[in-house]
Amino acid sequence: MAELSRDRVIEALKGIRGPDLDGNIVDLGMVSDVFISDGKVYFSINVPAERAQELEPLRQAAERTVKALPGVNGAVVSLTAERKQGSTPAPPRPQPAAPAHSHGHSHGPAQSGPQRTKAGVPGIDAIIAVASGKGGVGKSTTAVNLALAMKANGLRVGILDADVYGPSMPRLLGITGRPQQIENRIIVPMENYGIKVMSMGFLVDEGTAMIWRGPMVQSALMQMLREVAWGDLDVLVVDMPPGTGDAQLTMAQQVPLSGAVIVSTPQDLALIDARKGLNMFNKVEVPVLGIVENMSYFIAPDTGNRYDIFGHGGARAEAEKIGVPFLGEVPLTISIRETSDAGTPVVVSEPDGPQAKIYRDIATKAWEQVKARSGRAAPAIVFE
């Protein structure tokens, strides 16, 4: 049996033609870089955004073709509007000529390209991104405790781990195993502590290096978002990768985010990077729900003395300066670190403790911002 390789996949895809395409999808430059890991084949097909729904059968045909190859355990195939430099896009559907009586007048703004629309996810009322300008600020720990705090506040919650290169949710939530796939290639999310979870960490081994370029990242994110049986959720929390790269732009530009929570530590260097994240969300018109100051201070467990290891108050001052809500201060504590490493986040392992209360307060403020921006009254939240 011939070994599964990129060349074999490309050769098979040369047999795929669209209903009105002059040539196959490979020769037309429509196929992104092909990546193979553990018998799974990942790639995307570049098409005009306005024809994505119409060309879905093209994607399905490519997926069936690749899955039929010996040695293939699965395929992640997505349509994307991005295309490689110098490639030839699939032709747009011909438009009827303007009526003769128009006299050449334009009745709308000039269009430089197709309008991007952000399709919602059925069953999910709100999507919140938890982001940071740099790594190492405790963003994933904040995201998982925020999601669990929203669950504790009475909401139906899911969490999407959008960090393809460094997924954290399997370990933070103590979940092992792989998700099941049901009809129409829909994935059943994993679940623990009453929240539904999807992460690339469930699909590849922990030590696997993900050497992916932009279109493959976009493809994987869209599948984890739109081809997962989330069910009915009040909110989906998205743990974004640090920085302002492909994954962040994909989520911000293609997903109807209700808002973003920015996580930073107090020191000036971290705040400089946090501003980059704030500016990115502002540019793509995603509202910033507020800033969380993580590792805000340290309480010595033996003496109870407080130490501002990284300074203090920088995130609050930054929030006031730029006019966004300050959601709260999370201390640097041994319990948060230990419970996170153990897969038992502090909100569920110490629900009555001071750290859990801080996260629930942050969750309440963030949800109030979501409801205020949606024009609906926030529900009363009762702590029992």
Semi-axis lengths (Å, descending) of the ellipsoid that matches the C-alpha gyration tensor of segment 149-192:
20, 16, 10
Reported to the nearest 10 Å², GLU320 has, with a 1.4 Å probe, an accessible area equal to 140
Label model pair GLU285, ILE182: point-to-point distance (7 angstrom along the Cα→beta-carbon line) in nm is 3.5
3J(HN,Hα) from dihedral phi, segment 161-170, Karplus parametrisation 6.51/-1.76/1.60, rounded to Hz, x for glycine, proline:
8, 8, 7, 5, 7, x, x, 10, 4, x
Mean shadow of segment 285-373, computed from the convex hull of its alpha carbons, in nm²?
7.0
Karplus-derived 3J(HN,Hα), 6.51/-1.76/1.60, for each residue of segment 312-327, Hz, glycine and proline x
7, x, x, 5, 4, 5, 5, 4, 5, 5, 9, x, 10, x, 9, 8
For segment 66-71, in order, what is each residue's ³J(HN,Hα) by Karplus, 6.51 cos²θ - 1.76 cosθ + 1.60 with θ = phi - 60°, in whole Hz (x at glycine and Pro)?
6, 4, 6, 6, x, x
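The values are calculated or read from the model by the stated rules, or taken from the named source; none is laboratory data. For clarity, every value in this text was computed on a predicted model and none was experimentally measured. Cβ atoms come from the backbone with ideal geometry, glycine included; neighbour counts cover every protein chain shown. Keep in mind that these areas ignore ligands, DNA and RNA; they rest on the heavy atoms of the full protein, side chains included. Shrake-Rupley method; radii C 1.70, N 1.55, O 1.52, S 1.80 Å.
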